[in-house]
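A short worksheet on the structure shown next.
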Amino acid sequence: MKRLLSGCLLGLLCIAHVRAESVRIASPPSGKLYHGFYWGGVGTDQHDPTEHDVTPEDVARYEQAVGKKTAWIYFSNNWFESRKFPSEMCGWIRDLKKVPYIRLMLRSDVDQKHSEKTFSLEKIIAGDFDVDLRAWAREAKNFGSPILIEWGTEPNGNWFSWNGKWNGGAKEGPARYIAAYRHIVDLMRAEGADNLHWVWHVNWFDEPERKWNRFENYFPGENYCDWVAFSAYGPTTPTTRDGTESFRFKMRDAYPRLIKIAPNKPIIIAEFGCDLHNRHVNAASWARSALGDLFSNRWPAIIGFGWWNEGWQNDDHKKHDTDMIILHDSDLTRVFRDEFVRHADKIQETLLITPR
């Protein structure tokens, strides 16, 4: 009976009627990878990407272009916009037979490299937002099917306000982050939101590059994450001169470090990408090399990946705008389509849902 139940649930994503606490998201079969989707839109004079601009039409257009289905839809839940659980967005994602992947972003704005004005780590730890977090967790539980979720994205990067630089520095910063992370997870688990599948997500390099700021110092512990994740980008603007190394180069140091601190955890490349118009790196070539390495099983703990499809303004010069959207470049689109055809047997198009 147990074997029959597992077989019925494997790959089944329309599980609104399955009790949330009875299932989990499993790794794909050995040698296969999940393929996730992020779409943040294009920045203009009138609109900054909110990191949740994606629509069902965007998903369909992308999947048609690259020739493969996506397993999760990745988006940000910005608390400066709303502290409510994004039920409508999660709903249409589930209707597409995919899993929502939520970046829980307790922040006051999308600007970077500043301390947090409202949702500081100290206030989170003190319980100032417990009422809102508990309500969010109850709505997540009521959603009834699995959700990938992360809080405290890329804590070893000083662009986000939860980095140690903005929270007491070397002496207190990483410890405050861990305390806040555990507080959020413990609180949501106490509300019975066991359908939340927690992902701890770091950047491939530490900024500032100091011993106290190494991503190892932000690890909340194996009991506080189901998966771990990396961000690993090539150049992110047309004028960027550094960071031009290959994806393999970026993994060379970061992957062994993550394996060492979380040896039993599956790894996903939650974010990777390259600007389409950088003067020093060809995005299509960079992506071809990255995808080839991912599909080669060079890093066996990796179980999935997703490109960061977004564009934004960097200054008053249009030619300096960032654009990493695959569909904006025919060569890059062709690379994804060709690599997906070449490695069709290595792509797991739906997340596998199994009994706990």
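The values are calculated or read from the model by the stated rules, or taken from the named source; none is laboratory data. Predicted model, so just to flag it, every value in this text is computed and none were measured. Note: ideal-geometry Cβ built from the backbone for every residue, glycine included; neighbour counts use all protein chains shown. These accessible areas exclude ligands, DNA and RNA; they are computed on the full protein's heavy atoms, side chains included. Shrake-Rupley method; radii C 1.70, N 1.55, O 1.52, S 1.80 Å.
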So what is the accessible area of the chain per residue, in Å², with the probe set to 1.4 Å?
43
Compare the peptides 178-189, 335-346 by average per-residue count of other Cβ atoms within 10 angstrom and give them in order, highest first.
178-189, 335-346
So if I take the centroid of the Cα atoms in the range 280-330 and the same for the range 126-204, what is the distance between those two points in Å?
27
The range 36-151: relative contact order in percent, alpha carbon pairs under 8 Å with at least 6 residues between:
25
How would you rank 325-332, 227-234, highest first, on the average number of other Cβ atoms within 10 Å across their residues?
227-234, 325-332
Spatial extent of the chain: Rg and Dmax, with the Cα atoms as the point set, Å:
19.4, 64
Going by average Cβ density within 10 Å per residue, which order do the peptides 53-65, 69-81 take, highest to lowest?
69-81, 53-65
What is the Å³ per residue value for the convex hull set by the Cα atoms of the range 31-145?
154
Reachable aspartates and glutamates from residue 265, criterion Cα separation under 16 angstrom, eight or more residues apart if same chain:
150, 216, 222, 226
Restricting the calculation to Cα positions, tell me the Rg (one decimal) and the Dmax (whole number) of the range 162-232 in Å.
12.9, 38
Semi-axes in Å, largest first, for the range 175-318 (Cα gyration tensor, √(5λ)) are 29, 18, 15
Restricting things to alpha carbons, find the Rg to Rh ratio for the range 94-169 using the Kirkwood radius for Rh.
1.03
Of the accessible area of the range 121-211, with the probe set at 1.4 angstrom, what percent is carbon plus sulfur?
47
With a 1.4 angstrom probe the carbon and sulfur portion of accessible area for the range 266-356, in percent, totals 45
With the cut-off at 21 Å, tell me which of the pairs 165/318; 69/346; 171/250 have Cα atoms farther apart than that.
165/318; 171/250
Connecting C-alpha atoms closer than 10 Å in a GNM of the chain, tell me which of 253, 194, 316 has the biggest fluctuation.
316
